[in-house]
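A.B. asks: Sharing a structure with you now.
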Amino acid sequence: MMEGAREEGIKEGETESKRKIAMNMLNLGLDRETIVKATGLTSAEVKAIQQEK
């Protein structure tokens, strides 16, 4: 039971890290396709981050 919760927490942390990296890349003016390739996020996820900015 604890192991599942731990893995869930790790995945959430990785996703948050990818989102921060994507935000930095957007701030640098990189295009969405490059960010998708670099972070492993989907195009829709990057678009959502872009709209949050």
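A.B. asks: Counting only other residues whose beta carbon sits under 14 Å from that of residue 23, what net charge do I get with K and R as +1, D and E as -1? It would help to have the intermediate numbers written out before the result.
C.D. replies: Values: positive: 18, 19, 20, 32, 47, 53; negative: 16, 45, 52.
Here the count lands on +3.
A.B. asks: Next question. Give me the number: length gained by fully extending residue 24 to residue 52, i.e. 0.36 nm times residue separation minus the C-alpha to C-alpha distance, one decimal in nm. Can you show the working numbers first?
C.D. replies: On the way: separation 28, 0.36 × 28 = 10.08 nm, distance 1.28 nm.
That works out to 8.8 nm of additional length.
A.B. asks: Output wanted: per-residue J couplings in Hz (rounded whole) for region 31-39, from phi through Karplus 6.51 cos²θ - 1.76 cosθ + 1.60, θ = phi - 60°, x for Gly and Pro.
C.D. replies: 7, 4, 4, 5, 5, 4, 5, 6, 9
A.B. asks: Ok, one more. If contacts are Cα pairs under 8 angstrom and at least 6 residues apart, what is the relative contact order of the chain in percent? The partial results should precede the final answer.
C.D. replies: On the way: 26 pairs, mean separation 17.1, N = 53.
Once divided by the residue count of the chain, the mean separation gives 32 percent.
A.B. asks: How much mean residue ellipticity at 222 nm does the chain get from its helices, if each DSSP H run of length 4 or more adds -39500 (n - 2.57) and you divide by all residues, to the nearest 500 deg cm²/dmol?
C.D. replies: On the way: 3 runs with 44 residues, N = 53.
Result for the chain: -27000 deg cm²/dmol, rounded to the nearest 500.
A.B. asks: Let me ask something else about it. Using only the Cα atoms of the chain, what do you get for the radius of gyration and for Dmax, in Å?
C.D. replies: In Å, with Rg to one decimal and Dmax whole: 12.7, 43.
A.B. asks: Follow-up question, since we're still on this one. Run down the aspartates and glutamates and flag those whose C-alpha is under 19 Å from the C-alpha of residue 37, throwing out any fewer than 8 positions away in its chain.
C.D. replies: Partners within reach: 14, 16, 45.
A.B. asks: Rounded to the nearest 0.05, what FRET efficiency do residue 31 and residue 6 give with R0 = 35 Å and r taken as the Cβ-Cβ distance? Could you check? Present the calculation step by step, with values, prior to reporting the outcome.
C.D. replies: On the way: r = 36 Å, r/R0 = 1.02.
For R0 = 35 Å, the calculated efficiency reads 0.45.
We did not get these values from a lab; they are worked out from the coordinates using the rules stated. Remember, predicted model here, so these are calculated numbers, not experimental data. Reconstructed Cβ throughout: ideal geometry from the backbone, glycine too, with neighbour counts over all protein chains shown.
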